[in-house]
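Below you'll find the structure, written out as structure tokens, and then a few comments.
The values are calculated or read from the model by the stated rules, or taken from the named source; none is laboratory data. Quick caveat, the model's predicted, so the values are computed rather than measured. All Cβ positions, even for glycine, are placed from backbone atoms using ideal geometry, and neighbour counts span all protein chains on display. What goes into the accessible areas is simple: the full protein's heavy atoms, side chains included, and nothing from ligands, DNA or RNA. Shrake-Rupley method; radii C 1.70, N 1.55, O 1.52, S 1.80 Å.
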Amino acid sequence: MMNLTELKFGAEDRFLRYVVIDTQSDPDSPTCPSTAKQKDLGNLLVNELLEMGVSDAHLDEHGYVYATIPANTSKQDVPVICFCSHMDTAPDCSGTGVKPIVHRNYQGQDLVLPDDNIQVLRQHEHPDLKNQTGNDIITASGTTLLGADNKAGVAEIMDACYQLMNHPEIKHGKIRILFTPDEEIGRGVDLVDIKKLGAFAGYTMDGESAGHFENETFSADGAKLVINGVSAHPGFAKGKMESAIKIAGEIIAALPFELSPEGTAGMQGFVHPVSIKGQVEQAEIGFIIRDFEDAKLADHANVIRQVTEKVLAKFPGSGYELTVKPQYRNMKQILDKYPQITEYGMEAIKRAGMNAQLCCIRGGTDGSRLSYMGLPCPNIFAGEHAFHGKQEWVSVQDMHKAVQTILHLCMVWEERS
């Protein structure tokens, strides 16, 4: 087995270049990509790939980057595999003016972010820091997110491409690369050309702790509850007005805590109101519904319906409409049909010197939808932590481990074909 630890990794330098480019996506934009600035990173990645000798690298009109690392093995039957990460950052926290800081040789101390000294990374609040003694930790400066979600994954895939192009002794089949926009707003693979990818299996690099491999996600529905109240002049409203705004508030307050994100963990699903708008006559509540079992999604939607009808019993002039739409499904249902995809991923992590841990995600990834679009696609750690906030961080050494995992995975597929 080849010793990859002797390679000179460049993921850190790449990551530091990428995070200063603002790629925040916008859920209110109808375009793809939702923000033109995501193409700034896409164009940079294409140029870097071309400089490596990846001759077909290109950015399409929708903001997707495609590229191919040609096979260098004499074997003819090695399946094509794809590595994928998203380029956008979350709308939850500013991504403008990111100033990354590298904290060398971390020794367990509190990390105070200089541009806002209220932002402090402490081990008891970030437990995985306990595994980082002696490592180099990258944070932002305290006023923005960092963008490790998912520019750590982007940097790792890019560095793996460099290693593959410059080390022919690493034997592999054809490798496809995909960088997507708009993952953070749920539209990351809307316009992916699966036929153009032509891959048998994919792996997103978008997970958290080193060694984690995720083959299971939530299944997800979205729901919209419209409350139709009764409007009346407030000066003459007694016995007449039934405010849809107040009814909506009562419904939200009556939802069971044990079915909320705050009251669930592990394999428990939830119902979560994420938006509310309206006037006296009509109000609308937006929900996300999550569970690892598809059948339970309908049960959770019925909870919304039951709570709504109980509240409306006090408002005889009012009514409601509940609309539920599928968003994505648990990728494990697809991945279980192709056990080697998970098996090879776990083997690659072990070869990179880590304890491989099979995990589930209390959320979704691009891989969730890709799996149902014909590209079975689990998720591999990228080393990102505390994402979507000002205390986001990543370890340089964990990124290097992720690069090694990608390279080992390419070799495993070649060896076992």
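Observations on the structure shown:
- Yes/no for Ile170 being of a type outside the set (Lys, Arg), in a loop (DSSP other than H, G, I, E, B) and in contact with a helix residue (DSSP H, G or I) (Cβ under 7 Å, 6 or more places away or on another chain): yes
- Residues of the stretch 174-196 satisfying the condition of being out of contact with any strand residue (DSSP E or B) (no Cβ under 6 Å at 6 or more places or on another chain) and of a type in the set (Gly, Ala, Ser): Gly186
- Residues that are touching a residue at least 12 places away in the same chain (Cβ under 8 Å) and hydrophobic (A, V, I, L, M, F, W, C) within the stretch 233-256 comprise Met241, Ala244, Ile245, Ile247, Ala248, Ile251, Ile252, Ala254, Leu255, listed in sequence order.
- Residue count for the stretch 22-59, restricted to those that are touching a Phe, Trp or Tyr at 6+ places or on another chain (Cβ under 9 Å), free of Cβ contacts under 8 Å to residues at least 60 places away in the same chain and farther than 15 Å from Ile157 by Cβ: 3
- Spans of strands (runs of 3 or more DSSP E) in the stretch 173-275 with at least 3 residues closer than 30 Å to Leu409 by Cβ: 175-180, 201-207, 212-217
- Within the stretch 288-317, the residues that satisfy the criterion of being in contact (Cβ under 8 Å) with a residue 40 or more places away in the chain, outside any helix (DSSP H, G or I) and either of a type in the set (A, V, I, L, M, F, W, C) or open to solvent by less than 20 Å² (accessible area, probe 1.4 Å) (or both) are Ile288, Ile289, Asp291, Phe292, Phe315.
- Residue satisfying condition, being open to solvent by 20 Å² or more (accessible area, probe 1.4 Å), touching a residue at least 24 places away in the same chain (Cβ under 8 Å) and touching a Pro at 6+ places or on another chain (Cβ under 6 Å), within set Tyr338, Tyr328, Tyr320, Tyr344: Tyr338
- Here Met373, Met346 are screened, and the one residue that is more than 12 Å from Asn215 (Cβ to Cβ) and of a type in the set (A, V, I, L, M) is Met373.
- Count of the stretch 253-287 residues, restricted to those that are surrounded by 15 or more Cβ atoms within 10 Å (Cβ to Cβ), of a type in the set (A, V, I, L, M, F, W, C) and closer than 14 Å to Val303 by Cα, is 5.
- Filtering the stretch 4-61 to residues that are in a helix (DSSP H, G or I), open to solvent by less than 70 Å² (accessible area, probe 1.4 Å) and either over 18 Å from Asn150 (Cβ atoms) or of a type in the set (A, V, I, L, M) (or both) leaves Leu4, Ala11, Leu16, Val19, Leu41, Leu44, Leu45, Val46, Leu49, Met52.
- Residues within the stretch 356-391 that are open to solvent by less than 10 Å² (accessible area, probe 1.4 Å) and hydrophobic (A, V, I, L, M, F, W, C), tallied: 6
- For the condition more than 27 Å from Gly198 (Cβ to Cβ) and small (Gly, Ala, Ser), Ser74 does not qualify.
- Hey, Gly249 within 30 Å of Pro378 (Cβ to Cβ) and not basic (Lys, Arg) or not: no
- Odd one out for Gly53 among (1) at positive phi; (2) under 22 Å from the mean Cα position of the chain (by Cα): (2)
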